[in-house]
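Just so it is clear, none of the values below were taken in a lab; they were calculated from the coordinates. Because the structure is predicted, anything quoted here is derived from the model rather than measured. In this analysis, Cβ positions are derived from the backbone assuming ideal geometry, glycine residues included, and neighbour counts consider all displayed protein chains.
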Amino acid sequence: MSDLSDPEYQKLFVELESEQRSFLERDSQFRSSSYTWPRDALHHWGRIWEYPYVYWHLKHRLSVIHPTAEAKVADLGCAVTFFPFSVAKLGYHVSCLDIESSYGPDIVRAAQAIEHGPGEVNFGLISNGCLPLGDRELDALYCISVLEHIDDFERIKQTIQEIWRVLKPGGLFILTIDVDFCGHMSIGIKDFYNLRKCLFERFGLSKPEITIHPLDILQYRNGPYPYMIYSIWQKWKFQIKQKVKPFFGKKPLRALPNLAIWCAVMTKSQ
């Protein structure tokens with residue numbers, strides 16, 4: 001049975017849809033006109049599955065944290081979305097981290113416009129690959145389809161080291177990445193296994209790894225017929241693009257990228 005048909009998933013998704021709806025009703029109060037990412041983040045690509053996945057694990061994580069402690073979590077590669085505010089409502093103090101400085105004022109204004117107690121939301125700018133947090137400061141950190149888009153593997157390794165540094169011993173690292181089985185975009189199979197090896201040098205697997213293929217997601221939300229139309233359009237678009245590439249001195253690709261989403265919940269080694 002698909003995870004998307006699971007009653008607990010559907011309950012969480014309805015809850016997050018309501019959270020995002022409230023967020024978007026007020027986004028004119030805080031979002032910059034230059035912001036380029038999709039406003040409707042929850043329904044964008046694999047986020048339809050990734051947000052509930054991360055939210056569920058963060059919600060359950062609170063049950064193992066001492067109730068009098070200040071639970072801290074970071075959103076790595078945050079952009080400007082409803083999600084950290086939903087996490088703050090669970091009781092977390094959320095640090096939104098990104099390399100894009102323009103997100104900072106938007107998030108500060110959003111924190112003033114959006115009710116998100118009992119937790120808090122703030123912004124920290126990532127500079128030279130360093131996370132603006134102290135050693136062993138966080139109870140958890142999540143990274144939703146961001147790590148694989150860092151264009152240099154040494155920088156990826158540095159980011160993983162930084163995540164390890166800022167997490168407390170036993171801290172939770174929730175990660176989702178896009179994997180392209182053809183190796184054309186995001187991260188291919190070879191780089192995926194190199195990334196996975198690097199991760200497991202510093203983190204232990206807390207929950208079983210999960211891979212979701214977007215076919216299921218698209219069929220669930222749009223039905224098989226719209227997905228078929230989408231697939232035909234993608235195929236023609238891809239083929240035309242490859243025929244044009246040689247005129248610009250670029251090498252055409254042989255096959256349409258075949259994407260899936262890989263998800264893992266890990267804990268920091270002692």
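Annotation: lysines with alpha-carbon distance below 23 angstrom to Lys237 (same-chain offsets under eight excluded): Lys245, Lys250, Lys251. The Cα-based radius of gyration of the chain, divided by its Kirkwood radius, gives an Rg/Rh of 0.97.
Within the shell defined by Cβ-Cβ distances under 11 Å, the residues around Leu131 carry a net charge of -3, with Lys and Arg each +1 and Asp and Glu each -1. Pairs of Cα atoms nearer than 8 Å and 6+ residues apart set the relative contact order; for the chain it is 17 percent.
Report the percentage of all Cα-Cα pairs in the range 1-50 whose separation exceeds 13 Å, rounded to a whole percent. It works out to 64 percent of all Cα pairs. With a cut-off of 15 Å between beta carbons, the residues surrounding Glu70 carry a summed charge of +1, where Lys and Arg count +1 and Asp and Glu -1.
For the chain, a Gaussian network of Cα nodes joined below 10 Å ranks Phe173, Phe30, Phe85 by mean-square fluctuation, and the top entry is Phe30.
Approximating the spin labels as points 7 Å out from Cα along Cα→Cβ, the Glu15-to-Thr36 distance works out to 3.5 nm.
Cross-link reach is defined here as a Cα-Cα straight distance under 25 Å, omitting same-chain residues fewer than 8 places apart; for Lys59 the lysines meeting it are Lys11, Lys72, Lys89, Lys168, Lys207, Lys268. Compared with the direct C-alpha span, the chain from Asp6 to Ala113 gains 35.2 nm at full extension, assuming 0.36 nm per residue.
Full extension of the chain segment joining Leu24 with His213 gains 65.2 nm, where the gain is 0.36 nm per residue of separation less the Cα-Cα distance. Per-residue extension of 0.36 nm, minus the Cα-Cα distance of Asp135 and Cys182, leaves a gain of 13.1 nm for this segment.
Restricting the count to DSSP beta bridges whose residues both fall in the chain, what percent are antiparallel, rounded to a multiple of 5? The answer is about 45 percent antiparallel.
Once you order the gyration tensor axes a ≥ b ≥ c over the Cα atoms, which shape class does the range 1-104 get: rounded for a/c under 1.5, otherwise prolate or oblate by comparing a/b with b/c? Oblate, because a/c is 1.5 or more while a/b does not exceed b/c. By the Cβ distance rule of under 4.7 Å, the chain has these cysteines without a partner: Cys130, Cys143, Cys182, Cys198, Cys263. Dipole orientation for the range 1-127: of the candidates Val108, Trp45, Ala74, Val108 has the Cα lying most toward the positive pole (charges on Cβ; Lys, Arg +1; Asp, Glu -1).
A Cβ-based charge dipole, computed about the Cα centre of the range 1-111 with Lys and Arg at +1 and Asp and Glu at -1, lands at about 240 debye. Roughly how many Å is it from the Cα centre of the range 1-59 to that of the range 80-157, as a whole number? Distance between centres, Cα-based: 16 Å. Couplings 3J(HN,Hα) for the range 109-115, derived from phi with the Karplus relation 6.51 cos²θ - 1.76 cosθ + 1.60 (θ = phi - 60°), are 5, 5, 5, 7, 9, 10, 5 Hz, where x marks Gly and Pro.
If you bin all the Cα-Cα distances of the range 68-185 at 5 Å, starting from zero, the percentages per bin are 2, 11, 21, 23, 20, 12, 6, 3, 1, 0.
For the chain, the longest principal axis of the C-alpha atoms and the axis of helix 47-61 are separated by about 30°. Karplus-based coupling profile of the range 161-172, in residue order and whole Hz: 4, 5, 4, 4, 4, 7, 7, 5, x, x, x, 8, with θ = phi - 60° in 6.51 cos²θ - 1.76 cosθ + 1.60 and x standing for Gly or Pro.
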